[in-house]
Every structure is written in structure tokens, then in C-alpha cells.
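The values are calculated or read from the model by the stated rules, or taken from the named source; none is laboratory data. This structure is a prediction, so every number in the text was calculated from the model and none was measured. In this analysis, Cβ positions are derived from the backbone assuming ideal geometry, glycine residues included, and neighbour counts consider all displayed protein chains.
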Amino acid sequence: MIQAFYLPNVAQIKKRYENNVQTLLKYPFLFRKDFPDFDSLSVQYFPFDDNGYIPFYKNENRFGSYINVNDPVIDRYFFKNLDKPILASDVYSQYQLEYLNDNVRKSEWVGQENHIYLHYTNWCNFCNFLSCLNFKQLLPDKKIVFLFEEEISRYPIDFKKEFGIDYSQYQVKPIGIREVNRLIWHTQLAAHNGGDFFNEIFYDHPNLLVFKSVMFKNIKEIVKNLRRQWKQRGKLSSRLETELARLRHPTDKDFLVALFLNNACACCDNFRFKNSKLQPYSEQYSERKKRKKRSTQKRNDGISR
């Protein structure tokens, strides 16, 4: 088994492990550095297919069950409590690690501590998985904080005290075109199906970017026209025009997102909240909303009388 399935791949597996170790040794938010040598790992991972491995536990001289590190399934809800930074335990799925990295904004962009805290309950098990996971692509933005075993007591870290980083000095950065990597289409299948009830909830959420109900049957033509005419003044906000101009080769997806952002920011009255992580809060905008609400209430009172 070892000669047939493990040895032909061991050089690649060892290289992946060593690349992960070298990357993590330089990472500022990982506080444990006693990585074992590759040959000292207690688990050997036999490649089974493009997505997973069969683990062999050397100390027990037995094989374990198939592990798919790229299974496109989110098996837990990471965003239950947004009042604190995300804390996730024993995430050994490459797909879920990339999902978190894609969906959590940098602390500098939201003006508050917003790291992803990954807590691993067993250091040795984490080291074993470095043979089949790839952390290098997840760390350039420094979004992740690693905590091992008893280090969980450090959650959440006071970055101002420990690292001299005060994220509150940053303003919330408006969400960018290339930040949007997932669009959720809420489709209404009948005239009266409760969809508008959920829309009202979506519109009032400070950290959801929503687009009011619209017919998108001609979306391909709309994107095509926008690609051809976007440089004409007034088609998009100046910020989005500038961002598109800086993209080397903007794609149809970029233009679709630009259209979405342009309309979402313009249409959603409830988008700018003080605690929003997507858009800077504006006192002037807030006061305008209050005046509009008072005017509407006064008009409704007049009708009721």
C-alpha cells in the first residue's frame, strides 16, 4: 500500500507541509511555533482522489475513514453572534476555511476588531492536517488568528494593548467590486408567497447588502450595455467608475456587481447603520432619514384623522 499509493505522492505532501510550516512560522497571529518534522507526524495521508485522503494512523497501525477536505458543504453557522469576532473550532475543511476568508472583511475595512479566530483543540492533529490543507493563500490579509488548546482564554485579543493596533481609527470602507463573490437570488414564485415580509427584514439588516425587488429577465443585455457605456458620466457612482477603471480586465461579473452595488447603495434607505460593516455611517444621511420618517408619520396621522 505504501509503495503503491503513498511513496509516489510523498514528495508533494511533504512539500505542502513544509510550505505551510514556513508560512505559519512568519505569521504574526499564530503564537505556537513548535512544529514537528514531517517524518515525526503521527498520521500519513494517502491521496484517494482530487479532493480527499485516507488517513493512516501510524501509532495504531490502522487506516481511518475517507476525509474530503474540499467538500463544498458548510456544516455549521459561523455568523451567529456578530457582536464579537467569529470563533470557530477545529475547522479542517479547505472549503470552509476559504469560505470564511472570502466572507469576513478585514478589520481595517470595518473600523473594528473583526478577525476570524480559529481554535484548534489538539495541536498535533492540526500539524497532521498541514499535509493536506493549504494555509498560504489564506494569510496575506492577516484576517485569521490561530488559537490552540488553552490559548482559547485569549479570545478575543485586545489588539490595541498587545499589538498597538487601534482599528477604531479606521473608517468603514465601502464594499468593493472584487469583494463580492456570492450573490443570493431571492426568487418570488407566486404573487403572494410572503416574500415581501422577508424583504423588509433584509432591508433593515445593517450587514446585508440588498437590492430591492426588480425584474432581471434582461440581465445579459443590461450588463452588455453597461460594459459598452459605463464610461459615460452618470451611469455609475464616481467611486464605482474609478474602481472599474483600475481593474486591468473587468469581467461581466465585475459589471454585474458594479450594477448591483450602484443600485443597492442608492435604493436601500436602511443600508447605512452605525454598526454596519459594509458602508460608512453618515450623520447627515441619518438625519435625512429621520426627517423623512417624521414627515411620513405626520402624513399618515393626517390621513387617519
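Filter segment 99-122 down to the residues that are part of a helix (DSSP H, G or I) and out of contact with any helix residue (DSSP H, G or I) (no Cβ under 6 Å at 6 or more places or on another chain), then identify the one that is surrounded by the fewest Cβ atoms within 10 Å (Cβ to Cβ). Among those that are part of a helix (DSSP H, G or I) and out of contact with any helix residue (DSSP H, G or I) (no Cβ under 6 Å at 6 or more places or on another chain), it is 102. Against the test of being out of contact with any strand residue (DSSP E or B) (no Cβ under 6 Å at 6 or more places or on another chain), surrounded by fewer than 13 Cβ atoms within 10 Å (Cβ to Cβ) and at pLDDT 95 or above, the options 28, 8, 36 yield a single qualifying residue, 28. Among residues of segment 143-156 that are under 13 Å from residue 91 (Cβ atoms), those with a Cβ under 9 angstrom from a residue that is at pLDDT 95 or above and of a type in the set (Gly, Ala, Ser), sequence gap 6+ or separate chain, pair up as 147/153. Residues of segment 167-188 being exposed (fewer than 12 other Cβ atoms within 10 Å of the Cβ), modelled with pLDDT under 85 and of a type outside the set (A, V, I, L, M), which ones? Result: 181, 182, 185, 186, 187. Residues of segment 22-33 that are touching a residue at least 12 places away in the same chain (Cβ under 8 Å) and under 17 Å from residue 124 (Cβ atoms): 24, 30, 31, 32.
Quick check on this structure: which one of 89, 65, 93 is hydroxyl-bearing (Ser, Thr, Tyr) and touching an Asp or Glu at 6+ places or on another chain (Cβ under 8 Å)?
Working: 89 fails: touching an Asp or Glu at 6+ places or on another chain (Cβ under 8 Å); 65 fails: touching an Asp or Glu at 6+ places or on another chain (Cβ under 8 Å).
On inspection, the qualifying residue turns out to be 93.
Each row is one residue, and each column tells you yes or no for (1) outside the structural domain of residue 103 (by TED's automatic domain parsing); (2) crowded, with 18+ Cβ neighbours inside 10 Å; (3) at pLDDT 85 or above; (4) farther than 21 Å from residue 184 by Cβ.
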| residue | (1), (2), (3), (4) |
| --- | --- |
| 202 | yes, no, no, no |
| 216 | yes, no, no, no |
| 231 | yes, no, no, yes |
| 234 | yes, no, no, yes |
| 240 | yes, yes, yes, no |
| 251 | yes, no, yes, no |
| 254 | yes, yes, yes, no |
| 267 | yes, no, no, no |
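If the condition is being out of contact with any helix residue (DSSP H, G or I) (no Cβ under 7 Å at 6 or more places or on another chain) and assigned to a helix (DSSP H, G or I), then segment 21-36 contributes 21, 22, 24, 25.
Within segment 37-94, can you find the residues that are outside any loop (DSSP other than H, G, I, E, B) and within 20 Å of residue 156 (Cα to Cα)? Don't jump to the end; show me each part of the working.
Quick first cut of segment 37-94, residues outside any loop (DSSP other than H, G, I, E, B) only: 38-40, 43-47, 52-57, 62-63, 67-68, 86-89, 94.
Within segment 37-94, 86, 87, 88, 89 meet the criteria.
Being over 17 Å from residue 125 (Cβ atoms) and either outside the structural domain of residue 114 (by TED's automatic domain parsing) or buried (at least 17 other Cβ atoms within 10 Å of the Cβ) (or both) is true for just one of 54, 86. Which residue is that? So that I can check it myself, show each step before the final result.
On the way: 54 fails: over 17 Å from residue 125 (Cβ atoms).
Selected residue: 86, the only one of 54, 86 that is over 17 Å from residue 125 (Cβ atoms) and either outside the structural domain of residue 114 (by TED's automatic domain parsing) or buried (at least 17 other Cβ atoms within 10 Å of the Cβ) (or both).
Would you check which residues across segment 65-82 are in contact with a strand residue (DSSP E or B) (Cβ under 8 Å, 6 or more places away or on another chain), exposed (fewer than 14 other Cβ atoms within 10 Å of the Cβ) and more than 16 Å from residue 51 (Cα to Cα) and list them? Within segment 65-82, 76, 79 qualify.
Looking at this structure, is residue 127 buried (at least 18 other Cβ atoms within 10 Å of the Cβ), in a loop (DSSP other than H, G, I, E, B) and in the same structural domain as residue 40 (by TED's automatic domain parsing)? Walk me through how you get there before you give the answer.
On the way: buried (at least 18 other Cβ atoms within 10 Å of the Cβ): yes; in a loop (DSSP other than H, G, I, E, B): no; in the same structural domain as residue 40 (by TED's automatic domain parsing): yes.
Answer is no for this residue.
Any residue at all in segment 43-60 that's closer than 25 Å to residue 150 by Cβ and in contact (Cβ under 8 Å) with a residue 60 or more places away in the chain? Scanning segment 43-60, I find at least one residue that is closer than 25 Å to residue 150 by Cβ and in contact (Cβ under 8 Å) with a residue 60 or more places away in the chain, so the answer is yes.
Of everything in segment 122-157 that is within 19 Å of residue 14 (Cα to Cα) and among the aromatic types (Phe, Trp, Tyr), the residue that is farthest from the chain's Cα centre (by Cα) is 123.
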